Amino acid sequence: RKEVEQDPGPFNVPEGATVAFNCTYSNSASQSFFWYRQDCRKEPKLLMSVYSSGNEDGRFTAQLNRASQYISLLIRDSKLSDSATYLCVVPRPTFGDGTTLTVKP
Amino acid sequence: ETGVTQSPTHLIKTRGQQVTLRCSSQSGHNTVSWYQQALGQGPQFIFQYYREEENGRGNFPPRFSGLQFPNYSSELNVNALELDDSALYLCASSFDTSDRVRNEQFFGPGTRLTVL
């Protein structure tokens, strides 16, 4: 089993839709979690940090479920500019392989 | 921009050669991590340097080695290059403390290595 697992997608959604990604992790001792966004052929950029049960930043909400060992990322009112690959990170750090989102007009 | 820079941006080598990639961390950061990212995959952790000492290593052979300098910049060296080493190599810097709290990492633009 991989240390961090994500649904690779792709998720194809219309503008304005709400979309959620899940990420499961195997190390129950992990204390901090991150979501990164990576555009095609670019470096990953930090989107959100999750240290407790969750975090909200505008249209983006990250939630942590320690009992089930997963974190989720919810994007509300999707924009075309949200099209990217979303990477879940659990330190050591270990990256998931990413979930690809395409938002269509 | 994150303030993390990498050089070179692109590199072409042949099998068996050696390569050195460089990374300058963001001002104030003391930790540098290196990753290998193949197409369609997430970044794979190679190793991390904290205050000039190796602080964790992923599942990479010894021909992948590194250094961190007093100014916290870093090098990744790969010997005896293989075709499968072709990938995007990313470095990320962060500020960590002695209790090894894993803080947010900020990535450089990467070096794209092609091995022929």
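Looking at segment B:99-110, is at least one residue within 14 Å of chain A (Cβ to nearest Cβ), in a loop (DSSP other than H, G, I, E, B) and among the small types (Gly, Ala, Ser)?
yes
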Complete set of residues in segment B:3-48 that are among the hydroxyl-bearing types (Ser, Thr, Tyr), open to solvent by 20 Å² or more (accessible area, probe 1.4 Å) and outside any loop (DSSP other than H, G, I, E, B): B:Thr5, B:Ser7, B:Thr20, B:Ser24
Out of segment A:12-36, which residues are open to solvent by less than 50 Å² (accessible area, probe 1.4 Å) and either facing chain B (nearest Cβ under 10 Å) or closer than 17 Å to A:Leu101 by Cβ (or both)? A:Val13, A:Gly16, A:Ala17, A:Val19, A:Phe21, A:Cys23, A:Ser30, A:Ser32, A:Phe33, A:Phe34, A:Trp35, A:Tyr36
Tally up the residues in segment A:73-105 that are among the hydroxyl-bearing types (Ser, Thr, Tyr) and over 17 Å from A:Leu46 (Cβ atoms), please. 4
Qualifying positions in segment B:80-98 - modelled with pLDDT under 95 and among the hydroxyl-bearing types (Ser, Thr, Tyr): B:Ser93, B:Ser94, B:Thr97, B:Ser98
Residues that are open to solvent by 10 Å² or more (accessible area, probe 1.4 Å), polar (S, T, N, Q) and out of contact with any Ser or Thr (no Cβ under 6 Å at 6 or more places or on another chain): does segment A:97-105 have at least one? no
Please pick out the residue among B:Val32, B:Val101 that is modelled with pLDDT under 95, of a type outside the set (Gly, Ala, Ser) and in contact with a Ser or Thr (Cβ under 6 Å, 6 or more places away or on another chain). B:Val32
Please find, within segment A:81-92, the residue that is farthest from A:Gly16 (Cα to Cα) out of those that are open to solvent by 10 Å² or more (accessible area, probe 1.4 Å) and within 8 Å of chain B (Cβ to nearest Cβ). A:Arg92
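Being acidic (Asp, Glu) and either part of a strand (DSSP E or B) or surrounded by 13 or more Cβ atoms within 10 Å (Cβ to Cβ) (or both) is the filter here; which residues of segment B:49-89 pass it?
Answer for segment B:49-89, where residues must be acidic (Asp, Glu) and either part of a strand (DSSP E or B) or surrounded by 13 or more Cβ atoms within 10 Å (Cβ to Cβ) (or both): B:Glu52, B:Glu53, B:Glu54, B:Glu75, B:Asp85.
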Filter segment B:59-82 for residues that are of a type in the set (Phe, Trp, Tyr) and closer than 17 Å to B:Gln26 by Cβ and give the result. B:Phe69, B:Tyr72
Pairs returned, first residue in segment A:39-55 that is at the interface with chain B (Cβ under 10 Å from one of its Cβ atoms) and more than 30 Å from B:His10 (Cα to Cα), second residue that is part of a strand (DSSP E or B) and not charged (D, E, K, R), beta-carbon separation under 6 angstrom, 6 or more apart or interchain, are A:Ser49/A:Phe34
Could you check B:Gln48 against (1) within 17 Å of B:Tyr72 (Cβ to Cβ); (2) more than 10 Å from every other protein chain (Cβ to nearest Cβ); (3) of a type outside the set (A, V, I, L, M, F, W, C); (4) under 11 Å from the mean Cα position of the chain (by Cα) and say which number it fails? (2)
Just to be sure, is A:Ala67 within 14 Å of chain B (Cβ to nearest Cβ), farther than 29 Å from B:Arg112 by Cβ and at pLDDT 90 or above? no
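The values are calculated or read from the model by the stated rules, or taken from the named source; none is laboratory data. These numbers come from a predicted model, not from an experiment. Cβ coordinates were reconstructed from backbone atoms using ideal geometry, including for glycine residues, and neighbour counts include every protein chain displayed. Accessible surface is based on the protein model in full, side chains and every heavy atom, while ligands, DNA and RNA are left aside. Shrake-Rupley method; radii C 1.70, N 1.55, O 1.52, S 1.80 Å.
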